[in-house]
Amino acid sequence: MWNTTLRLLFLTAILSPYAWACQVPVFRYALERWESDTYQLFLTSPGALDKPQTEWVKEFQQKLKHTNLKLNIIDTSRLSEAQLWQLPEIDTSAKEARLQLFRPNNEQQSSGQTKPILNTAFNEVNLNHLIDSPARRHIVDRLLEGSSCVWLIIHNNQEAKAKEIQSELNTHLRTIEKQISIPEGIIGTAERHKINEDTDLEDVLRSQIPLKIAFSSHIINTQTPEEAAFVAQLIHSSGSHATLQSEPLVIPVFGRGRKLPAMPSSMLSLETLLRGCQYLCGACSCQVKEQNPGADLIINENWSSHLTSGLAVIDKELPPLAGVGDLTKSHGNTSSPAPKQDAELGNEDQPNVIHAVEEPANQRFPIWITLASLFAIITLCSILAVKRKAS
């Protein structure tokens, strides 16, 4: 995976001078202008939530205003057998409430993996760890201080090895910081007077966060309880899990919490890191986020509050969630009465409570159309055969 990513990053760096590009580095463009993709969290319960659980959800929902996560609640006791069969990706057999986390729609489509990346017990601690943790606070602080990227070293109780890797990583990063420079032609917030009719607004910064080439690193142990949900987002692929058993992984995080694929620590070298850093610090040759490598992580942060440019930002509307997300389309049209807990959660910014799954519309062609089509094909073939014999 990392070899493929390196090739893509290398081609991007080579071709960027010939492509239509703004001068703002990728890491800064991502921080100021790329909205994070939304994860889907399904809270499944074999009955109505009790009062303490309802309070947990109410408090949690209030924290989601600046988080790229959508909460959906399913009372499995209200679904028919046929409706349960429509939820192949969601575990509805549990006898207790569960939290099941799914990746954003575009990641599911590109990978073909629709299973949850996390399936854990529903309690207040696990709920809050889904959206925040010490490691994520550290990452946000570094990025808002102006770090181009935070390089994470993920290990499975290999503390000594992780520190050794971090030392080597930091040595390479200090060298790279001296070799890479900020692209020319960028207009900072203090240089607004330079803007004229010929100015490309893509080259204008939209925040006062320091623009510099600077890298930091951070170690995460997969066995740290409060980081379990974050680790699941970082290394949800089977290949990463397998590699982690033998050696730590290195993962760069930039922008608003966007990660590049995990790299085995055995691949760590100055050349490998330089290629990745050249992509992150080079002029943004493609402003469309989905056409750039990487995947978003769940981060609880009001990124917009750090933008002070006053320039209009047009955000692209993300496509609706496929797979399990199809459930969210019809919850408002169900005939099932709303449970009491809905009212307790309030009407503003409340989670998506799925009372029932609508039976899908019959997408199959009527049988007479199928038979008529077959008859037409047979007739046409017969006519062609007769003409051939006649000739």
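Odds and ends about this structure:
- Over the range 57-198, Cα pairs under 8 Å with separation of 6+ residues give a relative contact order of 14 percent.
- Averaging Cα coordinates gives a centre for the range 266-281 and one for the range 148-192; these two points are 10 Å apart.
- Residues of the range 101-127 with amide N under 18 Å of the 7 Å Cα→Cβ point at A242: 111-113
- Taking the empirical scaling 2.2 N^0.38 Å for compact globular proteins as reference, the range 34-191 has a Cα radius of gyration ratio of 1.40.
- Here the residues W303, W85, ranked from fewest to most Cβ neighbours within 10 Å of their Cβ, fall in the order W85, W303.
- Net charge over other residues, Cβ less than 12 angstrom from the Cβ of V253 (K, R count +1; D, E count -1): +4
- Label-reachable residues, the range 249-290, where backbone N falls under 18 Å from a point 7 Å from N157's Cα toward its Cβ: 249
- Residue exposure sequence - V150, V26, V125 - by fewest surrounding Cβ within 10 Å: V125, V150, V26
- Amide H contacts under 5 Å for L118: L101, restricted to partners 5 or more places along the chain or on a different chain, H placed in the peptide plane at 1.01 Å from N.
- In nm, spacing of pseudo-spin labels at E164 and D91 (7 Å Cα→C-beta vector): 3.6 nm
- Ordering H218, H236 from the fewest to the most neighbouring beta carbons within 10 Å gives H218, H236.
Since every read-out is calculated from the coordinates, none of them should be taken as a lab result. Keep in mind that what you see is a predicted model, and the values were worked out from it rather than measured. Using ideal geometry, Cβ is built from the backbone for each residue, glycine included, and neighbour counts are taken over all protein chains shown.
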